[in-house]
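Notes for the one structure printed next.
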Amino acid sequence: MTEPLLQIDALRKVFGEHAAVDGVSFTVARGGSLAIVGESGSGKTTIARMLVGLERPTSGTITFAGQDRTTAARSQGERRTRAGEVQLVFQDPYTSLDPRQRVEDCIDEALRLFRGGTTGTRRARLEVLAELVGLDERQLRAFPRALSGGQRQRVAIARVLAAEPQLIVLDEAVAALDVSIQAQVLNLLADIRDATGVSYILISHDLAVVRHLTEEAIVMRNGVVVERGTTAAILDDPQEPYTQLLRDSVPRAGWRPQRRNS
Amino acid sequence: MPALVELEDLTVWLRVEGATRAVLSEISFSIGAGEAVGLVGESGSGKSMTMRAIAGLLPTGATTSGHVRIDGVDVLTSGERRRGTARDKVAVVFQDPRAHVNPVRRIGDFMTEALRINHGVSKDDARRRAVDILREVGVPDGARRLDQYPHELSGGLLQRVMIAASLLVDPTVLLADEPTTALDVTTQAEVMALIDDLRRERGLAMLFITHDLDLAGAVCDRTVVLYAGQLMEEQQSARLHSKPRHPYTAALVKARPDIGATSTRLAAIPGRPLSSFEAPHGCAFAPRCSYSLPACEQARPEVRPLDGGHVRCVRAEEVQLDD
């Protein structure tokens, strides 16, 4: 059996008295994709923050490509290496870009930081990335305020790809986009996976989006995993009552919402 | 029976960067008592502006033409007094309840304010009515809730409070602007169930604004689809999914990932949604439309009746979901 890209064991994070994440384990294969499904307070974003080093686990282990990632990086260089391997795309493209930085400078900064090279080689790489995510010359020279939500999210994705990560954590990365743009970005993410072999962790409350982009899924509630399996099995034949409730809460043709209490 | 809410050729202009620009163009539809109409569109389509025109919440400097009638009274042209009386019948529920309450005042102050100040109801009476209405929306311990602050309530509970507060003045029209978008999916289902019950029991005329075509289809009798400030299609919600008549509606249906089936590629709509003042001279959707003809770019198609609804497309009869 090949070594998984990411292995999480008995991960726990306590804030004060409250366990936000309580004994979560999962693995992501190289080139694989995992959805973390859950509502507010389920602990899904806390897991994302621990994966990219923004939070330290209270206990449990994070192993990335055979290397322990549970403890803090010991040097600036190590921190940068880690950051290059796992990258995060945020939900809101309106607050995650620097408004005073042109798009090309924003992407070039990531190239300089993670990949180095001369101005010429970076420019060539920038053009490849822009082509991959669908940004034109004019948009590269623009400031974020001149771009739509979908264009901004393309910039965020290009910047993440500049680091050539092995794992991208998508934290509700398409939730704020209009339907027609969401489809474009979802197709783009599928294309990028085909082209680069990158792994995804998709954190989402949107089960249809989860189905489109991932093969495996875990369902979380109050910091624990309540169900796991292939995404198709979880959505077509949920076993746990909570997963069934989530599934039944999705509006669809002929859906009549029911009042559960009162 | 006349419609409770009637929009006829509503056009709204705003001053944007020194130029006057139309943000809504010739919108016409109506809502009867007890009827729910969905208003669906992407960013900049004008759905919130439509709600604002009905509620009298247009930005300063906005100019209008056409008619907005509430119970027969034209609220765009009548005098302040008649207009005010008509709009007393209109309740509004917004997307983010936390952005619409004063965080340092108690729930009770917020809920009873309108009754006490505008309707001269005594404090005790107003509190009693607030507790009653909270029970109606599924909040049993209302008296305790009235003494709490907004931050002590979850998002779903606070949205129930907002809905209750909007019902205190006995409205006949409910305008709901993405009321469940900020909520979790299971909470959304509960709040939707509540809104659905209330409008049936109270016979409210409801305008339900959402970006989610599936949600509108599930809870509204009819749905209006807006694009770039124009009405593209108005149709029975049930038909909108199975037999959309406008290419834009069909494209929206196809662009959504399907929860019931694994697909590898989505039918994305090229380009991005346009706002009204960016829209081309002809059909606003033509640049992104797979059915577009040269004629579509020459002149804007008129809204015409079809299948018991309305559609703004010359090729509506040819639109297919599978191609």
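Using the Cβ-Cβ distance between A:Gln67 and A:Ala195 with R0 set to 25 Å, the FRET efficiency from 1/(1 + (r/R0)^6) comes to roughly 0.45.
Taking every alpha-carbon pair under 8 Å whose residues sit at least 6 apart, segment B:1-78 reaches a relative contact order of 41 percent.
Note: relative contact order over chain A, using C-alpha pairs below 8 Å and six or more positions apart, is 26 percent. Between the residues A:Gln239, A:Ala175, A:Leu207, the greatest Cα displacement towards the positive end of the dipole of chain A, with unit charges on the Cβ of Lys, Arg, Asp and Glu, is found for A:Ala175. For chain A, the equivalent ellipsoid built from the Cα gyration tensor has semi-axes of 31, 24, 16 Å, listed from largest to smallest. Quick note on segment B:1-66: its Rg to Rh ratio, both from C-alpha atoms and Rh being the Kirkwood radius, is 1.00.
Between B:Asp132, B:Asp141, B:Asp96, the GNM of chain B built on Cα springs shorter than 10 angstrom shows B:Asp141 fluctuating the most. Taking every C-alpha pair closer than 8 Å and separated by at least 6 residues, the mean separation divided by the residue count of segment B:135-255 gives a relative contact order of 17 percent.
With a Förster radius of 56 Å applied to the beta-carbon distance between B:Glu297 and A:Ser59, the computed FRET efficiency rounds to 0.30. Here the protein assembly as shown is assigned +1 on the Cβ of each Lys and Arg and -1 on the Cβ of each Asp and Glu. Its dipole about the Cα centre then comes out at about 1140 debye. Beta-bridge orientation, chain B: approximately 60 percent antiparallel, per DSSP, counting only bridges with both partners inside. Applying 1/(1 + (r/R0)^6) with R0 = 56 Å to the Cβ-Cβ distance of A:Thr27 and A:Thr121 gives a FRET efficiency near 0.95. Name the shape class, rounded, prolate or oblate, that the alpha-carbon gyration tensor gives for segment A:115-231, where a ≥ b ≥ c are the square roots of its eigenvalues, rounded holds for a/c under 1.5, and otherwise prolate holds if a/b is larger than b/c and oblate otherwise. Judged from the Cα gyration tensor, segment A:115-231 comes out prolate (a/c at least 1.5, a/b above b/c). Listed by chain and number, the lysines whose alpha-carbon sits under 16 Å from that of A:Lys13, ignoring those within fewer than 8 places in the same chain, are A:Lys44.
Contact residues in segment A:167-184 by the 20 Å² criterion (accessible area, 1.4 Å probe, full protein complex versus chain alone): A:Asp178, A:Val179, A:Ser180, A:Ile181, A:Gln182, A:Ala183, A:Gln184. Over the residues of the protein assembly as shown, the helix contribution to mean residue ellipticity at 222 nm works out to -10500 deg cm²/dmol, using -39500 (n - 2.57) for each DSSP H run of at least 4. Positive-end ranking of B:Gly79, B:Gly138, B:Gly120 along the dipole of segment B:78-142, with charges on Cβ about the Cα centre, is headed by B:Gly79.
Each principal axis of the Cα cloud of the protein assembly as shown was evaluated for its coordinate range; sorted largest first, these ranges are 72, 63, 46 Å. Angle between the Cα long axis of helix A:149-162 and the longest principal axis of chain A, 0 to 90 degrees, nearest 10? Compared with the principal axis, the helix lies near 70 degrees.
Charge dipole of chain B (Cα centre as origin; +1 on each Lys and Arg Cβ, -1 on each Asp and Glu Cβ, all else neutral): 560 debye, rounded to the nearest 20. How would chain B be classified by its alpha-carbon gyration tensor: rounded, prolate or oblate, with rounded meaning a/c under 1.5 and the a/b versus b/c comparison settling the rest? It is prolate, given that a/c is not under 1.5 and a/b is the larger ratio. Can you find, among A:Ser96, A:His18, A:Ile8, the residue sitting farthest towards the positive end of the charge dipole of segment A:1-118, where Lys and Arg contribute +1 and Asp and Glu -1 at Cβ? Going by the Cα projections, it comes out as A:Ile8.
Heavy-atom accessible area buried between chains B and A is around 3500 Å² (1.4 Å probe, both sides summed). Shielding by partners for peptide B:218-224, expressed as the average number of C-beta atoms from other protein chains within 10 Å of each residue's C-beta, is 2. Site pair B:Asp258 and B:Val16 shows an inter-label distance of 3.6 nm when each label is modelled 7 Å from Cα along Cα→Cβ. When the C-alpha to C-alpha distance is required to be over 28 Å, the pairs from B:Lys47/B:Lys254; B:Lys89/B:Lys254; B:Lys47/B:Lys89 that qualify are B:Lys89/B:Lys254.
Candidate cross-link partners of B:Lys123 among the aspartates and glutamates, defined by an alpha-carbon separation under 19 Å and a same-chain spacing of 8 or more, comprise B:Asp109, B:Glu113, B:Asp132, B:Asp141, B:Asp147, B:Asp170. Just the number, please: carbon plus sulfur as a percent of the accessible area of chain A, 1.4 Å probe, no ligands or DNA/RNA counted. Carbon plus sulfur share of accessible area: 48 percent. The residues of chain B have, on average, 43 Å² of accessible surface per residue, using a 1.4 Å probe with all protein chains present. Computed about its Cα centre, the charge dipole of segment B:81-210 is approximately 620 debye, with only Lys, Arg, Asp and Glu carrying charge at their Cβ. Summarising the label geometry, the points placed 7 Å from Cα in the beta-carbon direction at B:Thr60 and A:Arg79 lie 4.7 nm from one another. Computed from Cα positions, the angle between helix A:179-196 and the longest principal axis of chain A comes to roughly 70 degrees. Using the average count of surrounding beta-carbon atoms within 10 Å as a protection proxy, the listed peptides A:22-35, A:56-69 rank, highest first, as A:22-35, A:56-69.
The values are calculated or read from the model by the stated rules, or taken from the named source; none is laboratory data. Computed from a predicted structure; not experimentally measured. Because the Cβ atoms are built from the backbone with ideal geometry, glycine has one as well, and the counts that use them run over all protein chains shown. Ligands, DNA and RNA are stripped out before the accessible areas are found, and what is left, the full protein with its side chains, is counted by its heavy atoms. Shrake-Rupley method; radii C 1.70, N 1.55, O 1.52, S 1.80 Å.
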